[in-house]
Amino acid sequence: MKKQEDLGRQLLAIDRKNYKAYKQIRGHYDFGNFSLHIDYVQGDPFASPSQLAIRMPLEETGLPRDSYKNSSRQTALCDYISRVFAQNCRKHSDHRSAGHRGAGHSGKMFMPSIGQEILERNATVLADTSLEVRFNAGLPARGRSVLGRQAVEMLIKDLPQIVQESLYYDALDKRRLQAHIEVAEDADFLRTQLRQMNLVAFIANGAILPRRSGVDDRPMSGQAVPFQSPSSLEVTVDLPNRGKVRGMGLYKGINLIVGGGYHGKSTLLRAISMGVYNHIPGDGREYVATDASAMKIRAEDERSIQKVNISAFINKLPLQQSTEAFSTPSASGSTSQAANIMEALEAGSKLLLIDEDTSATNFMIRDHRMQQLISKEKEPITPFLDKVKQMYHEQGVSTILVMGGSGDYFEVANTVIALEEFRIKDVSEQAKAIAEKYQTQRAREGGQQFGRLSHRQVDHQCLNPEKGKKSVSIKVHAIDQILYGEEKIDVSQIEQLIDQGQLKAIGEAMVYLYHNANGKAKLADDLSRCEQLLNEKGLDALSPKLRGDLVRFRKVELAAAINRFRNLKII
Ligand code: ADP
Ligand code: MG
């Protein structure tokens with residue numbers, strides 16, 4: 001392996017030359033306590049930045065074995081180091097005078113930004129005997145020529161400093177690291193405990209659920225009302241690090257959240273939907289955990305649908321369209337919501353999260369009066385109200401539903417909680433009494449059974465990621481769109497996708513399915529196959545190149561993206 005000094009000499013030798021000369025520095029360099037891997041060098045200062053990695057023997061880091069003794073801890077440790085490394089990159093980039101190393105990204109080292117969730121990312125990878133951190137660099141330039149001396153400053157001087165401050169246990173804030181690891185381990189444990197306790201969600205007393213704003217995911221400061229469970233729903237969990245924690249347990253079945261407008265219903269549901277992820281210490285949702293398969297369901301008109309069996313909810317559409325293999329390039333509110341549910345069930349979700357704010361009204365309710373005016377023969381939709389119980393009893397799929405607008409759901413709910421000025425009350429008994437006293441005269445619709453599920457098989461050929469001369473073309477826009485091959489996949493309504501790296505990883509997983517097509521596999525098998533691959537080999541298994549921008553997704557989201565792919569072909 002070449003040495004640090006060799007890199008320095010090379011950089012000085014190409015000073016002022018055409019930017020392409022940087023290509024020569026590709027390779028591995030021994031820096032003594034670590035090695036630097038320059039894997040991809042950008043062709044010009046405005047191209048996507050260069051890809052670098054640091055590899056250090058685990059022993060050298062001084063990290064105690066305890067900090068990575070199980071997979072929860074490993075994920076949290078790597079997440080923490082990524083955050084520290086990214087922060088130190090920023091510090092060193094900012095502290096150099098702006099523009100000194102060139103325009104745009106030039107002269108900066110950085111990693112993708114990280115939010116409130118502790119997630120598996122391949123920015124930092126822990127192997128048996130080494131720790132690897134991947135990052136990007138904009139190699140310094142003036143116009144289109146190399147700034148060799150600045151590059152030396154960046155890679156030979158600043159980088160070892162960043163490594164010193166980020167990868168050594170002694171340089172880290174030990175208490176914060178410990179808290180990060182313990183919180184993640186507890187949250188994982190809590191999530192696995194849910195099923196044994198017959199719960200679908202748990203929200204600890206004292207949790208802070210509201211966020212600072214719609215565009216700022218940090219906890220609301222100051223005036224937030226901490227969560228407090230009503231005593232009737234209080235349960236205790238015993239966590240490996242935090243010990244006993246009390247909070248509200250929502251049981252399997254049908255949970256209804258009611259309450260006046262602006263009293264915190266959607267905020268509670270949103271926190272529950274984010275409970276599929278672990279949160280950083282100080283987030284306020286550290287001990288909010290939700291069934292790992294939970295899927296937020298909403299209406300999503302204009303999405304495409306490919307051969308989904310939505311006949312449980314919708315039948316006899318005008319123009320005799322079949323709803324057992326329903327396809328449309330542009331769904332309505334109700335058909336999209338029906339498809340979203342059927343696809344979630346197909347992908348294995350055991351908990352649906354639904355908010356009236358983002359639902360199609362005619363999908364959710366159909367009252368007595370409307371039944372009188374429009375007979376069942378003329379209404380293709382069976383409202384969710386008539387299906388939610390069957391879905392639970394026959395398919396084992398629970399629901400948490402925000403519904404402030406209709407008491408018809410009192411009939412079917414196992415638990416009804418009310419929000420009053422952000423405080424929770426258990427009103428199950430009252431709601432039951434009201435349902436008995438004021439009988440709705442509505443007739444049940446939709447038959448005795450839930451109906452048939454979808455078990456589709458994807459024609460893997462349709463997942464071709466080619467575009468022009470590129471054999472694989474994947475780009476992502478924010479957390480809204482995956483540009484996959486020639487197609488755009490709109491994922492903006494998949495609310496539990498929270499990190500751009502998840503979109504990238506989903507794109508790569510689709511390429512994986514394209515290359516490893518299994519002729520007979522159902523979509524559900526494809527999803528499990530990807531999940532198993534990730535569990536066994538990690539995110540790196542998805543991409544041949546060295547990169548650090550992939551983030552773990554759940555299989556329900558992979559399914560959701562595939563389902564929104566407009567080229568999708570079902571056999
Ligand atoms: P709803 O769905 O009942 O209409 P939201 O959940 O949208 O109400 O909440 C309304 C507002 O109240 C939001 O701005 C939200 O941030 C804020 N909020 C929600 N929960 C709390 C809380 N526990 N403490 C303080 N403010 C809250
Ligand atoms: Mg709301």
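The values are calculated or read from the model by the stated rules, or taken from the named source; none is laboratory data. Given the structure is predicted, the values throughout are model-derived calculations rather than measurements. Quick reminder, even Gly has a Cβ in these numbers, built from the backbone with ideal geometry, and neighbours come from all protein chains shown. These area figures cover heavy atoms from the full protein model, side chains too; ligands, DNA and RNA do not enter into them. Shrake-Rupley method; radii C 1.70, N 1.55, O 1.52, S 1.80 Å.
Among the candidates I272, I257, the residue that is within 16 Å of ligand 2 (Cβ to nearest atom), assigned to a helix (DSSP H, G or I), buried (at least 18 other Cβ atoms within 10 Å of the Cβ) and of a type in the set (V, I, T) is uniquely I272.
Taking the numbered list (1) touching a Ser or Thr at 6+ places or on another chain (Cβ under 6 Å); (2) away from ligand 1 (no atom under 16 Å from the Cβ) in turn, V416 passes all entries but (2). If you go through segment 373-404 and keep only what is open to solvent by less than 20 Å² (accessible area, probe 1.4 Å) and free of Cβ contacts under 8 Å to residues at least 40 places away in the same chain, you end up with just L385.
Contact map, segment 281-293: residues that are farther than 14 Å from Q496 by Cβ paired with residues that are assigned to a strand (DSSP E or B) and open to solvent by 20 Å² or more (accessible area, probe 1.4 Å), Cβ distance under 9 Å, separation 6+ or inter-chain. Pairs shown: G282/R218; G282/P219; D283/D217; D283/R218; D283/P219; G284/R211; G284/R218; G284/P219. If the condition is being in contact with a Lys or Arg (Cβ under 9 Å, 6 or more places away or on another chain), surrounded by 15 or more Cβ atoms within 10 Å (Cβ to Cβ) and over 26 Å from L7 (Cβ atoms), then segment 40-77 contributes S67, T75. Looking at segment 500-542, which of the residues that are under 13 Å from R121 (Cα atoms) and small (G, A, S) is surrounded by the most Cβ atoms within 10 Å (Cβ to Cβ)? Filtering first and then ranking leaves A505. Within segment 359-378, the presence of a residue that is within 16 Å of ligand 1 (Cβ to nearest atom) and within 20 Å of the chain's Cα centre (by Cα) is excluded.
Inspect all residues belonging to segment 228-239 and state whether any of them is farther than 30 Å from M403 by Cβ, open to solvent by 50 Å² or more (accessible area, probe 1.4 Å) and at pLDDT 95 or above. Yes - at least one qualifying residue is present in segment 228-239. Restricting attention to segment 436-471, the residues being more than 33 Å from the chain's Cα centre (by Cα), open to solvent by less than 100 Å² (accessible area, probe 1.4 Å) and either acidic (D, E) or at pLDDT 95 or above (or both) number 1.
In segment 347-372, what count of residues is obtained for those that are outside any loop (DSSP other than H, G, I, E, B) and either within 16 Å of ligand 2 (Cβ to nearest atom) or open to solvent by 20 Å² or more (accessible area, probe 1.4 Å) (or both)? Spell out the reasoning first.
Here is the first cut: in segment 347-372, the residues outside any loop (DSSP other than H, G, I, E, B) are 351-358, 361-364, 368-372.
Next cut, either within 16 Å of ligand 2 (Cβ to nearest atom) or open to solvent by 20 Å² or more (accessible area, probe 1.4 Å) (or both) only: 353-358, 361-362, 364, 368-372.
Number of matching residues: 14.
When D426 is tested against (1) within 16 Å of ligand 2 (Cβ to nearest atom); (2) of a type in the set (D, E); (3) crowded, with 18+ Cβ neighbours inside 10 Å, just one condition goes unmet, and that condition is (1). For segment 555-567, a residue qualifies if it is open to solvent by 10 Å² or more (accessible area, probe 1.4 Å) and in a loop (DSSP other than H, G, I, E, B), and the qualifying residues are R564, R566, N567. When the residues of segment 275-290 are narrowed to those that are assigned to a loop (DSSP other than H, G, I, E, B) and more than 15 Å from ligand 1 (Cβ to nearest atom), which ends up surrounded by the fewest Cβ atoms within 10 Å (Cβ to Cβ)? For segment 275-290, the residue satisfying everything is G282.
Within segment 194-209, restricting attention to residues that are in contact (Cβ under 8 Å) with a residue 60 or more places away in the chain and open to solvent by 30 Å² or more (accessible area, probe 1.4 Å), the residue that is farthest from L268 (Cα to Cα) is R195.
What do you reckon, is E394 charged (D, E, K, R), within 16 Å of ligand 2 (Cβ to nearest atom) and out of contact with any helix residue (DSSP H, G or I) (no Cβ under 9 Å at 6 or more places or on another chain)? No: the conditions fail for E394. Within segment 246-272, residues that are charged (D, E, K, R) reach partners that are more than 16 Å from ligand 1 (Cβ to nearest atom) with beta carbons closer than 6 Å, at six or more positions or on different chains, in the pairs R246/E234; R246/T236; K252/N198; K252/V200; K252/S398.
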